[in-house]
Amino acid sequence: MSNRLDDRTADGTAIARRHFLRRCSGLSLGTIALGLLEDRTSAVGVDSPVAIGRPDLPHHEPRAKNVIFLTQSGGPSQIELFDHKPGLSKWAGQELPASVRQGQRLTTMTASQKQLIMPARTQFGRYGESGATIGEWLPYHARIADDVCFVKSMVTDQINHAPAMTKFLTGHQIPGRPSLGAWASYGLGSENSNLPDYLVLLSKMKRSSDQPLYDHYWGSGFLPSRYQGVKLRSAHDPVLYLRDPRGLPRNLRRGMLDGIREINQMRFEQTGDPEIQTRIRQYEMAWRMQSSIPELTDLSDEPEATFEQYGPDSRRPGSYAANCVLARRLIERGVRFVQLFHPDWDHHSRLSSWCVARCRDTDQASAALVQDLKQRGLLDETLVLWGGEFGRGVAGQGKWDSPDGGRDHHPRCFTMWMAGGGMRPGMTYGATDPFSYNAVEDPVHVRDLHATILHLLGIDHRRFTYRFQGLDFRLTGVEESRVIREIIR
């Protein structure tokens, strides 16, 4: 029994059990178990300068210490960007063969139209010693061809944005599960006591976006709320309600927080509610963030070369490029998981202008981030991922030969790339059929991606669980998942 409890010391279940055992202190078994718990949890208590996560982790030597997830929301077209299919030109305007489609589900946006093949709107080249194929809309990506691993056989189960992104980031299509970043925060904590374990940056678009980014994409689900992602805004106050009211002395604020902490601690001793300890920790974190956040978001100490490397948009607060600079600064400060969201990759029409614009937003900065981390000696310990929730279909949406033509959602194959953190550089893994419609070689399901990311962080996904409502939940669920060892150095 004590070992079982010992494995749960970092979560609310253990805290509640400890409270129960304290109430039953007359029982010798309870007293022994309580002593073991308090010995092991002292390192992760409220007063700890750094939250170190679960005491039983890592399971093995990690290859990556930190993660930067460049989330491209909306489904970038692998056909235009990475998955070169020169044979499509001879199929232009012809209907997709039934043997290729295999009765796969279509969205209501294209289910009633003929599936007429639209060849790629871009020219491709081969780059680096690896000879990776990259479309002309991503010229800066060509410079990092030998630093990244392209996974061209990604597969998911969901065909619409919200469930697909929820699956992509939490392992399940229905909201309520912890996000990937929350799992990492829960398991490993952070090396910085002045910043949260998990930070989220949303691109501030030059035009309004009709594609929502829901809070559960970076939420903690049934994990204690302290593990959810914290959004950094591009506004005057990067974190809401962090700034003290004008005229309030710091010593008075400190005294108020100490008083609130004492009251919360008394309440915790009465109820054993783990969210009370979360509240105590978050008050203390907010106090420290009052000095760490302004220093983090002030880019005036960055040399001119940084802005030249990341591109002119990096000077605009809230832009994807500026957020890439912030991501590097967060990694330098020991933040465990940083996630950037860039929306509007949903090109159902005007593919040649819509997708080009998103490439222009992200291309230079994404490549610069990899190069910058490499130059600073941080890439080997930082896992960088780039990708969206699904890909695009080979059939044109609307008129396939019109400038207004676009592509619909497609879950059965799409491309991601990964760099650093133990990944094998200059590699292309997996392959699709000649229509970029089905993954035919080494398919990688989203849950395989999750298992691989956790493995690189030193976590065995099969043993990494959290008990909720009587079940041991894990990020990868109950279906078979595998670590993609072929892409790991």
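Every number in this text was worked out from the coordinates using simple rules, so none of it is lab data. No experiment lies behind these values; they were computed from the predicted model shown. FYI the Cβ positions are ideal-geometry reconstructions off the backbone, even for glycines, and counts take in every protein chain you see.
Okay, here's what the table says:
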read-out: Angle between the chain longest axis and helix 28-41 axis [Cα atoms, degrees, rounded to 10]; value: 60
read-out: Between helix 351-375 and the chain: long-axis angle, C-alpha atoms, 0 to 90°, nearest 10; value: 50
read-out: Degrees between helix 446-456 axis and first principal axis of the chain (Cα, 0 to 90, nearest 10); value: 50
read-out: Sites D215 and E480 - FRET efficiency at Förster radius 30 Å, r taken between beta-carbons, to 0.05; value: 0.50
read-out: Alpha-carbon centroid distance for the pair the range 150-175 / the range 322-401, whole angstrom; value: 17
read-out: Gain in span if fully extended, E275 to E381, counting 0.36 nm per residue against the direct Cα distance; value: 34.9 nm
read-out: Helix-only mean residue ellipticity at 222 nm for the chain, each DSSP H run of n ≥ 4 adding -39500 (n - 2.57), per residue, nearest 500; value: -10000 deg cm²/dmol
read-out: Listed residue (I488, H216, I263) projecting farthest to the positive dipole end of the chain, Cβ model; value: I263
read-out: Extension gain, D56 back to R463 (0.36 nm per residue minus Cα-Cα distance, nm); value: 145.5 nm
read-out: R0 of 51 Å, Cβ-Cβ distance I263-S353: FRET efficiency to nearest 0.05; value: 0.35
read-out: Global size of the chain as Cα Rg and Dmax, reported in angstrom; value: 23.9, 81
read-out: Residue-count net charge about N66 - beta-carbon cut-off 13 Å; Lys, Arg +1, Asp, Glu -1; value: +2
read-out: Rg over Rh [alpha-carbon atoms, Kirkwood Rh] for the range 135-241; value: 1.01
